[in-house]
Amino acid sequence: MTNKYRLPFAPFVGITGHAQTCIFACAFVQDETKETFKWVFETFLESMEGKRPKTIITDQDKAMKGAIAEVMPNTIHRNCLFHIKNKCYNKNLKVFAAKGNDGLYEEFEDIVNNCLIEQEFEHLWEEMIKDKKLEKNKYFTRMWEMRKRFIPVYYKNDFFPFTQTTSRSESTNSRFKDNVGPTYSIMSFVTEYQRIIDTIERAENLEDHYSCQKRPKELLFGYTIERQAHELYNRNIYNKF
């Protein structure tokens, strides 16, 4: 709400084919109620000619959750992993620092981030709760109840490219705050918005050029699957692969 009109700024941020951040749209909202969010999402879909996102990540706002369920019922909606883990640490400082809980941090991170199947996560989580005597811990209980809204293993079959958090949205907010002052008019904002969009488009075009002109001279391991990836993917995606 750091703009002249004291209206929350809501960007719709996505990821390009080169794994860079892009902005699909943005909105200024008067409040953060369910009805307002419904209007935002309906208007967004109208601007996208009815094409709904396959997946979306937001914070744990209940009003937004309800609006997404009504307006985009077929979109896979999950919550930001970083914020939930960070809240867990802040609310359980004494638990993680307790003498009998040596290694709890590493075990917690490993279970949350690295399980390959749902059954593995659920088994290891219950073992951790039992071993560390956390059965009566309210926040760990709450995390278990809402596990299917943020734990990565539950989204292995859904398209969340290189992201499990709202960090790209937050970096976009920060970018606007750095370039748009609190006294700017709406026209000044639109001018800056267009400048940022143009910068994103130039970066994407540059990556298109690099992918056409520059290829790895040799394969790292020489595997056939590596050669297939080299032929199919652009430069950034190949490097991630």
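The values are calculated or read from the model by the stated rules, or taken from the named source; none is laboratory data. Everything numeric here is computed off the predicted structure, so don't read it as measured data. No Cβ is skipped: glycine too gets one built from the backbone with ideal geometry, and neighbour counts run over all protein chains shown.
From the list Thr191, Thr183, exactly one residue is at pLDDT 85 or above, hydroxyl-bearing (Ser, Thr, Tyr) and at negative phi. Which is it?
Going through Thr191, Thr183 in turn, just one is at pLDDT 85 or above, hydroxyl-bearing (Ser, Thr, Tyr) and at negative phi: Thr191.
Does Phe176 meet the test of being of a type outside the set (Lys, Arg) and modelled with pLDDT under 90?
yes
Is it fair to say Asp61 is at pLDDT below 95 and closer than 30 Å to Phe28 by Cβ?
Against the criterion (at pLDDT below 95 and closer than 30 Å to Phe28 by Cβ), Asp61 qualifies.
Let me confirm something: among Thr172, Thr165, Thr199, Thr183, which residue is in a loop (DSSP other than H, G, I, E, B) and closer than 30 Å to Asn79 by Cβ?
Only one candidate passes the filter, namely Thr165.
With respect to Tyr238, is the statement that it is closer than 30 Å to Gln60 by Cα and either outside the structural domain of Asn86 (by TED's automatic domain parsing) or surrounded by 13 or more Cβ atoms within 10 Å (Cβ to Cβ) (or both) true?
Answer is no for this residue.
When you scan the range 101-150, how many residues do you find that are of a type in the set (Asp, Glu) and touching a Gly at 6+ places or on another chain (Cβ under 8 Å)?
0
Report every pair of residues separated by at least 6 positions or lying on different chains whose Cβ atoms are under 8 Å apart, first residue within the range 204-219 and at pLDDT below 85, second in a helix (DSSP H, G or I) and surrounded by fewer than 10 Cβ atoms within 10 Å (Cβ to Cβ).
Final answer for the pair search is none.
For (1) more than 30 Å from Leu7 (Cα to Cα); (2) among the small types (Gly, Ala, Ser), each residue gets a yes or a no:
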{"position": "Ile129", "(1), (2)": "yes, no"}
{"position": "Trp144", "(1), (2)": "yes, no"}
{"position": "Thr165", "(1), (2)": "no, no"}
{"position": "Ser174", "(1), (2)": "no, yes"}
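Restricting the first residue to the range 92-103 and requiring it to be at pLDDT 90 or above, which pairs with a second residue that is of a type in the set (Asp, Glu) meet a Cβ separation below 7 Å and a spacing of at least six or different chains?
Short answer, once both residue conditions are applied: none.
Does any residue of the range 64-77 turn out to be small (Gly, Ala, Ser) and modelled with pLDDT under 95?
No, the range 64-77 has no match at all.
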